[in-house]
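One structure is given below, encoded as structure tokens.
The values are calculated or read from the model by the stated rules, or taken from the named source; none is laboratory data. Every value quoted in this text rests on a predicted model; they were computed, and no experiment measured them. Ideal geometry is used to build each Cβ from the backbone, glycine not excepted, and the neighbour counts take in all protein chains shown. Note: accessible area is taken over every heavy atom of the protein model, side chains too, but ligands, DNA and RNA are not part of it. Shrake-Rupley method; radii C 1.70, N 1.55, O 1.52, S 1.80 Å.
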Amino acid sequence: MIEDNVILVNENDEPIGLMPKMEAHEKAVLHRAFSVFVLNNKNEIMLQQRAQHKYHSPLLWTNTCCSHQREGETNIQAGSRRLREEMGFQTELKELFHFIYKAPFDNGLTEHELDHVMIGYYNDAPNINTDEVEDWKWMPIEAVKTDMQRNPEIYTIWFKIIFDQFYHFLEEHTL
């Protein structure tokens, strides 16, 4: 299997090169990423539980899907591709905002990402790819916030950071 490259960027999201994904996470180099939040008509977020065999953060709960853009791919194209690959459905996505975060893992890898956060709406059950996703559930936004405070260990480190940004965005904007 050929390892995907990530797009290295500066703080203005301008591409400055490519690097294999694992190397970028080992060296904590800033690179472009995206996070998708899918909501239903009850204002619940579709969460996914990462597959048990993932090399980091296995069985932890996180947002609907997230990954890295490929060279030549727009943020929306990348989000749509990964949503289809992981959760087995398509829906229209809209980019909300982007921000930079840095989050080290216990295994020595570090996420240092300029993350493009997107939202989409969907009301049906996904058709999960079990190579990527162990389980999924709908959860009200307020319940996610409360549960994350009570049980932070069951959520991915990046989801805790991104959810906080997403929550504050929703407080300040009408979608």
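Once the convex hull of all Cα atoms in the stretch 84-175 is built, its volume per residue stands at 129 Å³.
Charge dipole (Cα centre; +1 on Lys/Arg Cβ, -1 on Asp/Glu Cβ; no other charges) of the chain amounts to roughly 220 debye. Leaving out ligands, DNA and RNA but keeping every protein chain, what accessible area does Ile100 have, in Å² rounded to the nearest 10, with a 1.4 Å probe? Looks like 70 Å² after rounding. Working value for the stretch 26-126: equivalent-ellipsoid semi-axes of 23, 17, 12 Å, each the square root of 5 times a Cα gyration tensor eigenvalue, largest first. Which value in deg cm²/dmol, rounded to the nearest 500, describes the helix-derived mean residue ellipticity at 222 nm for the chain, given -39,500 (n - 2.57) per DSSP H run of n ≥ 4 and division by the residue count? Value at 222 nm, helices only, nearest 500: -8000 deg cm²/dmol. Largest accessible area first, the listed residues Glu134, Glu23, Glu142 line up as Glu142, Glu134, Glu23 when surface is computed with a 1.4 Å probe on the assembled protein chains. Between the stretch 131-160 and the stretch 12-60, the C-alpha centres lie 14 angstrom from each other. Largest GNM mean-square fluctuation among Thr62, Thr156, Thr146, using the chain with Cα springs under 10 Å: Thr146.
Helices of the chain meeting both criteria, an alpha-carbon length of 18 angstrom or more along the long axis and an average Kyte-Doolittle score not below 0.0, with helices taken as full DSSP H segments, are 157-172. Beta bridges from DSSP with both residues in the stretch 20-175: antiparallel share about 70 percent, rounded to the nearest 5. Placing unit charges on the Cβ atoms of the charged side chains and taking the dipole of the chain about its Cα centre, the candidate lying farthest along the positive direction among Asn75, Ala103, Pro58 is Pro58. Between Gln77 and Lys145, the FRET efficiency from the beta-carbon distance, with R0 = 41 Å, is close to 0.85. Label sites at Gln52 and Asn40, each approximated as a point 7 angstrom past Cα along Cα to Cβ, lie 2.6 nm apart. Let a ≥ b ≥ c be the square roots of the eigenvalues of the Cα gyration tensor of the chain; is it rounded (a/c under 1.5), or, if not, prolate (a/b larger than b/c) or oblate? Cα axes put the chain in the rounded bin.
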